[in-house]
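Taken together, the values in this text are just the output of simple stated rules run on the coordinates, not laboratory data. Everything quoted here is computed from the prediction, not taken from an experiment. Cβ atoms come from the backbone with ideal geometry, glycine included; neighbour counts cover every protein chain shown.
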Amino acid sequence: MDTKQIIGLFGFGVVGEGLYNVLQKSPATRAEIKKICIQDINKPRSIPGEMFCTDYSAIIDDPEINLVVELINDAGEAYKIVKAALLAGKSVVSGNKMMLATHMEEFIGLQQQTGASLLYDASACGSIPVVRNLEEYYDNDLLLSITGILNGSSNCILSGIFNGNETYEQALSKAQQMGFAETDPFLDVSGKDAVNKLVILATHGFGAIAKPEEVFVSGIEKLNEFDIRFAKEKGFKIKQIGQATKLNGNALNLLVMPKLVPPDDYLFNIEKEYNGVVIEGAFYEKQFMFGKGAGGYPTGSSVLSDITARMHGYRYEYKKRKYFNIPELTNEVQIKMYLRYSNLIDFSYFEFDAIDEKYYSKPYNYVVGSINLSKLLPVMKLLPALDVFIAFFGRPEVSRKTETRKAFKTGEFVNR
């Protein structure tokens, strides 16, 4: 392995410029940026203009550059860059969670084919080294679940609501002013950002590769004063949660939804732009990781860590896919869910198996009950058009119907 990293950098936004500045002040890392590929060559920059280029082949085809760092927003362009770099035998550090979640299986194959390495701890949970911990420390078959606040922007909004008594609109505006939410916050508040991160974590935690569109996801954009009052009266906070749960040892459910979190939950007190991840396993029970999940410097610290790791020859081995049985992805699970709705037409889309609690009033109604997640999947695309808000409690459980089908299949009922 080369003793010095010569870096070709794609993107010079908040994270890219921050990385450049950190490397200038950290000579011990033995890494330097030779060339930076950007879109607008005429935009004023804080460093010499000769470092910049607009043609990515200037980096990919440079034999001296032995590490590509990709820090752009466009997932389509990022895919082209990362694939070209790997095919050229150059290792890559990336933070583009959408690109990675969409092309995970292909990238694993390309690494095996070329011998180049792709590291991406920066893609999930900002400054928390979750990916590497799942890959190295939890490199066994004891993992039962990964549950986390995976998006710092949505958590910042929810903190403003539950700690600052702000409305959703006020909390969103404040998060945007502080730079923790985008001008267009759709990916954050809809859960789409979190689902990409969850797919990445599930690959390293359980070996299973899911497509983002296979995962049920709903967001906080429909949250209103009625839902906030319900949560507070019951002693809960609402958090946007990504959860991967292993069931019966051979199945895996992925879910991204608002969750009604009780005070004794590790994630109850995770506030502002921070992320928190609870890792649960057989014998070691629950372990908790905490850190900043939004902002240029937290992400930049993860990028720098990956650069240093590559300097020492580190690569992901995808151990769960090599050495253990990969659990089968399933949405045949039962969840306990809160549904707030205004009219019976919207309510009719939700097929509850059992209802534990009902409330009717003039503006809004709600029910709390059990529902099969597979029945929610067809409703997922309709959610933006419905006047509803949904949140779940607890953790998914194996569907009773699934257990019954398996019992008949294996002859258990005959043997009883």
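Worth pointing out:
- Fraction of alpha-carbon pairs over 18 Å apart in the range 157-201 - percent: 33 percent
- Quarter the surface of the alpha carbon convex hull of the range 157-251 and you get the mean projected area, 7.6 square nanometres.
- Largest GNM mean-square fluctuation among Gln113, Gln334, Gln176, using the chain with Cα springs under 10 Å: Gln113.
- Alpha-carbon Rg/Rh ratio, for the range 68-192, with Rh computed the Kirkwood way: 1.05
- Axis angle, to the nearest 10 degrees, between helix 296-311 and the longest C-alpha principal axis of the chain: 60 degrees.
- GNM remark for the chain: springs join alpha carbons under 10 Å apart, and the peak mean-square fluctuation among Gly291, Gly242, Gly126 falls on Gly291.
- Taken about its Cα centre, the chain carries a charge dipole of about 680 debye when Lys and Arg each add +1 at the Cβ and Asp and Glu each add -1 at the Cβ.
- The angle separating the long axis of helix 75-87 from the principal Cα axis of greatest extent in the chain is about 50 degrees.
- GNM result for the chain, Cα springs below 10 Å: residue of Arg321, Arg45, Arg132 fluctuating most strongly: Arg45
- At an R0 of 25 angstrom, the distance between the Cβ atoms of Phe268 and Thr167 translates into a FRET efficiency of 0.70.
- A straight chain from Lys322 to Asp353 at 0.36 nm per residue would run longer than the Cα-Cα distance by 7.3 nm.
- Rg of the Cα atoms in the chain, relative to 2.2 N^0.38 Å, amounts to 1.04.
- Contour minus Cα-Cα distance for Leu142 and Asn73 (0.36 nm per residue): 21.3 nm
- Rounded to the nearest 10 degrees, the inclination of helix 97-114 to the longest alpha-carbon principal axis of the chain is 50 degrees.
- Rg to Rh, two decimals, where the range 5-119 supplies the alpha carbon set and Rh follows Kirkwood: 0.95
- Virtual paramagnetic centre 7 Å along Cα→Cβ of Glu32, amide N under 14 Å, in the range 51-93: 51, 64-66
- Each label point was placed 7 Å from the Cα along the Cα-to-Cβ direction; for Arg315 and Gln39 their separation is 3.3 nm.
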